[in-house]
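Nothing in this text is a laboratory measurement; each read-out follows from the coordinates by a stated rule. Keep in mind that what you see is a predicted model, and the values were worked out from it rather than measured. All Cβ positions, glycine included, derive from the backbone under ideal geometry; neighbour counts span all protein chains shown.
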Amino acid sequence: MAGARSPFLRTALFGTGLLVIAASPVVGILPGPGGLFVFAAGLVLVLQNSARAQKVFCRAKKRWPRFGHYADMALRRRSARRRRLREKEAEIARAEAELLGLRNTTR
């Protein structure tokens, strides 16, 4: 987030997120994947404005890493981008070390 939001605005956005999540089954009845996108929008609002929801989300990401990867991509989180970049750099370093014959045998 760019700056700190007022508590009133956070509460209003959190409540709006909950309402949007509650409306997703109604939209889901319609043909197409609309309910999924409505749910995702509500989830984004809730996660951006609730510390407790963020903690629960982090625990879920640790338990189900593939879910966490897709959620990070959808939320466009900076921490996820840094993590992917760090993993990519480590993979390149491993490949270069293997090419040079400096393979790590402790793994």
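A few comments on the model shown:
- Helix 51-63 axis, angle to the chain major axis (alpha carbon atoms, nearest 10°): 40
- Partner aspartates and glutamates whose Cα lies under 15 Å from the Cα of Lys62, excluding those fewer than 8 positions away in the same chain, are identified as Asp72.
- Crossing angle, helix 65-75 versus the chain [Cα axis fit, 0-90 degrees, rounded to tens]: 60
- Phi-based couplings in Hz for region 23-31 (Karplus 6.51, -1.76, 1.60; Gly and Pro marked x): 7, 4, x, 5, 6, x, 5, 5, x
- The long axis of helix 34-49 is offset from the longest Cα principal axis of the chain by roughly 80 degrees.
- Taking a ≥ b ≥ c as the square roots of the Cα gyration tensor eigenvalues, region 7-76 comes out oblate, since a/c reaches at least 1.5 and a/b does not exceed b/c.
- Efficiency of FRET between Ala23 and Arg84 - r from beta-carbon atoms, R0 35 angstrom, step 0.05: 0.60
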